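Peer 1: I'd like to ask some things about the structure below.
The values are calculated or read from the model by the stated rules, or taken from the named source; none is laboratory data. Being a predicted model, the structure only gives us computed values, none of them experimental. With ideal geometry, Cβ positions are generated from the backbone for all residues, glycine too; neighbour counts draw on all protein chains shown.
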Amino acid sequence: MNTGDTAMPDQQELQVQQKREVEKKPESTIPARRFLPVTDIFETSDALKVILEMPGVDKESVDVRVENDVLTIEGQVDFTKYQGLTPLYTEYNVGNYARSFELSSKIDQERIGAELKDGVITLILPKAEKAKPRKITVR
Amino acid sequence: VWGVFDRTFSIPIQIEPDGIRAEYRDGILALHIPRAESQKPRTIKIG
């Protein structure tokens, strides 16, 4: 029998997802790193659901705004709980979060809703009435 | 993407298992694992 090293590990290791740092356009005046929150977007018949992961951000330190058809989400992390700690091993870099999305005219900007729970923010972007699929009656 | 998180660590020092504290807030789990008494640095007086 061949006892060579053909055995495959039957359990695949979870891959650590690298956090992407925000590409700065306007330069920051705050000496803190900013990361792009990992995002999933789902579409339903009447809205887009945007889910962003921002661990360590609470309701009071998240800012969601729409300006010039751009939706911006920013989250601030409380750095004080890391003060005085010497890193021995780090995978998870601590930093603030920022991400922007351009909104098409199909989104009703007046009715955007946001909810934050356990460091995950869920945004509901309702479709404008005119953008919803409709059936046209043939006479 | 959603699912379950699972991670195991082996700790290279003696710890105080009864003294472990865990805190979960805003999606971050923090564990405080105290060293065992025998592992703490101590000063030895030269007589």
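Peer 1: Among the strands (runs of 3 or more DSSP E) contained in the stretch A:62-139, which hold 1 or more residues that are among the aromatic types (Phe, Trp, Tyr)?
Peer 2: On the way: elements: A:62-67, A:70-75, A:96-102, A:113-117, A:120-126.
Filter on the stretch A:62-139 gives A:96-102.
Peer 1: May I pose another question? Please go through the stretch A:28-44 and give me each residue that is modelled with pLDDT of 90 or more, assigned to a loop (DSSP other than H, G, I, E, B) and surrounded by fewer than 13 Cβ atoms within 10 Å (Cβ to Cβ), ordered by number.
Peer 2: Here is the first cut: in the stretch A:28-44, the residues modelled with pLDDT of 90 or more are A:35-44.
Add one more test, that the residue is assigned to a loop (DSSP other than H, G, I, E, B), and what stays is A:36-38, A:44.
The answer is A:Thr44, and nothing else.
Peer 1: Now a separate question. So, in the stretch A:78-108, exactly how many residues are surrounded by 14 or more Cβ atoms within 10 Å (Cβ to Cβ) and in contact (Cβ under 8 Å) with a residue 40 or more places away in the chain?
Peer 2: Of the residues in the stretch A:78-108, 8 are surrounded by 14 or more Cβ atoms within 10 Å (Cβ to Cβ) and in contact (Cβ under 8 Å) with a residue 40 or more places away in the chain.
Peer 1: Oh, and also: When the residues of the stretch A:107-139 are narrowed to those that are at pLDDT 90 or above and among the charged types (D, E, K, R), which ends up farthest from A:Asp69 (Cα to Cα)?
Peer 2: Across the stretch A:107-139, the extreme among qualifying residues is A:Asp118.
Peer 1: Restricting the stretch A:36-65 to residues that are within 17 Å of B:Arg25 (Cα to Cα) and in contact with a Pro (Cβ under 8 Å, 6 or more places away or on another chain), which is farthest from the other protein chains (Cβ to nearest Cβ)? Spell out the reasoning first.
Peer 2: Narrowing the stretch A:36-65 to residues within 17 Å of B:Arg25 (Cα to Cα): A:52-62.
Restricting the remaining residues to those that are in contact with a Pro (Cβ under 8 Å, 6 or more places away or on another chain) gives A:52-54.
Working: A:Leu52: 11, A:Glu53: 7, A:Met54: 8 Å.
Among residues in the stretch A:36-65 that are within 17 Å of B:Arg25 (Cα to Cα) and in contact with a Pro (Cβ under 8 Å, 6 or more places away or on another chain), the one farthest from the other protein chains (Cβ to nearest Cβ) is A:Leu52.
Peer 1: Looking for something among the acidic types (Asp, Glu), at positive phi and in contact with a Leu (Cβ under 8 Å, 6 or more places away or on another chain) - is there at least one such residue anywhere in the stretch A:69-81? Full working, then the answer.
Peer 2: Within the stretch A:69-81, the subset among the acidic types (Asp, Glu) is A:69, A:74, A:78.
Okay, now just the ones that are also at positive phi, so A:69.
Cutting the leftovers down to in contact with a Leu (Cβ under 8 Å, 6 or more places away or on another chain) gives us A:69.
Checking the stretch A:69-81: at least one residue is among the acidic types (Asp, Glu), at positive phi and in contact with a Leu (Cβ under 8 Å, 6 or more places away or on another chain).
Peer 1: Within the stretch B:16-47, restricting attention to residues that are surrounded by 11 or more Cβ atoms within 10 Å (Cβ to Cβ), more than 14 Å from every other protein chain (Cβ to nearest Cβ) and not in a loop (DSSP other than H, G, I, E, B), which residue is farthest from the chain's Cα centre (by Cα)?
Peer 2: B:Gln39
Peer 1: Tell me yes or no: at least one residue of the stretch A:66-86 is over 24 Å from B:His32 (Cβ atoms), small (Gly, Ala, Ser) and within 14 Å of another protein chain (Cβ to nearest Cβ).
Peer 2: Among the residues of the stretch A:66-86, at least one is over 24 Å from B:His32 (Cβ atoms), small (Gly, Ala, Ser) and within 14 Å of another protein chain (Cβ to nearest Cβ), which makes the answer yes.
Peer 1: Also, quick follow-up: Being of a type in the set (Val, Ile, Thr), more than 30 Å from B:Glu23 (Cβ to Cβ), surrounded by fewer than 16 Cβ atoms within 10 Å (Cβ to Cβ) and in contact (Cβ under 8 Å) with a residue 12 or more places away in the chain is the requirement here; does A:Val138 meet it? It would help to see each step written out before you state the result.
Peer 2: Working: of a type in the set (Val, Ile, Thr): yes; more than 30 Å from B:Glu23 (Cβ to Cβ): yes; surrounded by fewer than 16 Cβ atoms within 10 Å (Cβ to Cβ): yes; in contact (Cβ under 8 Å) with a residue 12 or more places away in the chain: no.
Here the answer is no, as A:Val138 does not meet what is asked.
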